[in-house]
Amino acid sequence: MAEQLFANKVVLVTGGAGGIGRATALAFGEAGGRVVVSDVSPAGEETVAMITQAGGEAIFVQSDVSKEAQVEALVAKAVAAYGRLDCAFNNAGIEEESKPLADADEALFDRIISVNVKGAWLCMKHEIRQMLKQGGGAIVNTASVAGLVGAPLQPIYAASKHAVVGMTKTAAAEYGKAGIRINSVCPGVIRTPMMERALEREPRREKGIAKIHPIGRIGEAGEIAGAVLWLCSDAASFVTGHQMAVDGGLTCV
Ligand code: NAD
């Protein structure tokens, strides 16, 4: 069992049914957190089973982050189950099939913005309301390297992740004095179901992907979890409004 850094802390993770969200929920569980796993997919139950089998504590709440009533109910259920909300990882997101900007369609634009931007906003809105009642908390949003630099053939996704970065900085400035720290994590390419789907669509890209990371490989979901736990921990008590690239050096060149 890892060091119990999050003993008795109540932690909410969205997009917790797989990939980065699942790995982070497991890491919080191992570190003693009481984890509220949420996802639009019922496979979030499997994440809860993995946490409890490892001796941790967790519940699953099915929720679509793009629907305000569902997000409000999610935070209420977390508080009803565990009494408070100390940390939140707003990680649910969807990707974009590779297409130049002029070829993308309006429905796709609306869907990506609805989940990636509106979803992060709704989650922060209801988490912050709860954290204000308690006198503090820590929030991490999943942005991306596509929130820091341009992402050719992913124009809408890049717009959505730049928006997450903008909201993170703004919310950090608004709620710093209230004891709520708000940061983003900006992953490079990480081996998750999202990445597997992208490679199924374009298998020829696989060789080039490792090469664009100076570290020479793609990342693992657990490597994002490590950064998220640190940002949520007291070790990061003076860190807010930061966009932490966890990208094998992708954005340093
Ligand atoms: P994933 O597809 O494996 O997991 C995303 C999860 O979000 C899924 O379980 C999905 O069901 C859930 N989800 C989708 N829409 C939802 C909604 N409306 N409400 C609630 N849950 C919803 O992807 P991942 O790679 O683990 O991505 C997690 C986050 O990391 C995303 O925000 C993604 O944009 C970001 N990201 C991923 C990479 C990468 O290379 N994998 C890189 C940078 C950023």
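The values are calculated or read from the model by the stated rules, or taken from the named source; none is laboratory data. All values derive from a computational prediction rather than experimental measurement. So basically every Cβ, Gly included, is an ideal-geometry build from the backbone, and we count neighbours across all protein chains shown. Only protein heavy atoms, including side chains, enter the accessible area calculation; ligands, DNA and RNA are left aside. Shrake-Rupley method; radii C 1.70, N 1.55, O 1.52, S 1.80 Å.
Points worth noting:
- Surface composition of the range 44-84: carbon plus sulfur atoms hold 50% of the accessible area, using a 1.4 angstrom probe and ignoring ligands, DNA and RNA.
- Solvent-free Debye scattering, log10 I(q)/I(0), computed from the Cα coordinates of the range 99-204 at q = 0.21, 0.24 Å⁻¹: -1.12, -1.31
- Whole-percent carbon and sulfur share, accessible surface of the range 97-253, 1.4 Å: 59
- Each principal axis of the Cα atoms in the range 1-66 has its own extent, and those three values, largest first, are 33, 20, 18 angstrom.
- 0 to 90° range, to nearest 10: angle between helix 119-134 axis and the chain longest Cα axis: 20
- Amide H contacts of Asp247: Gly188, each under 5 Å away and 5 or more positions distant or on a separate chain (H built 1.01 Å from N in the peptide plane; Pro and chain starts excluded).
- GNM top mover of Ser66, Ser184, Ser38 - the chain, alpha-carbon springs below 10 Å: Ser66
- For the residues Val61, Val140, Val79, a GNM of the chain with alpha-carbon springs under 10 Å puts the largest fluctuation on Val79.
- Accessible surface, the range 118-253, averaged per residue in Å² (probe 1.4 Å): 47
- For Asn141, distant residues with modelled amide H under 5 Å away: Asn90, Asn183, Ser184, Val185
- Pairwise FRET efficiency - Lys125 versus Arg197, Cβ, R0 = 45 Å, nearest 0.05: 0.95
- Largest first, the three principal axis extents of the alpha carbons in the chain are 48, 35, 35 Å in whole numbers.
- Estimated vicinal HN-Hα couplings, Hz - the range 34-47 in sequence order (Karplus 6.51, -1.76, 1.60; Gly, Pro = x): 8, 9, 9, 8, 10, 6, 6, 8, x, 5, x, 4, 5, 5
- Gyration tensor over the Cα atoms of the range 104-157: the corresponding equivalent ellipsoid has semi-axes (square roots of 5 times the eigenvalues, largest first) of 29, 14, 5 Å.
- Derived scalar couplings ³J(HN,Hα) [the range 7-12; Karplus, 6.51 cos²θ - 1.76 cosθ + 1.60; whole Hz; x for Gly, Pro]: 3, 6, 8, 9, 10, 10
- Rounded to whole Hz, the Karplus (6.51, -1.76, 1.60) HN-Hα couplings of the range 202-218, x for glycine and proline: 9, x, 5, 7, 4, 4, x, 5, 4, 5, 6, 9, x, 6, x, 7, 7
- Residues whose placed amide H lies under 5 Å from that of Ile94, excluding near-sequence neighbours: Asn116
- Taking 7 Å steps out from each Cα toward its Cβ at Lys177 and Ala49 produces label points 5.0 nm apart.
- Considering only Glu202, Glu68, Glu106, the Gaussian network model of the chain with Cα springs below 10 Å gives its largest mean-square fluctuation to Glu106.
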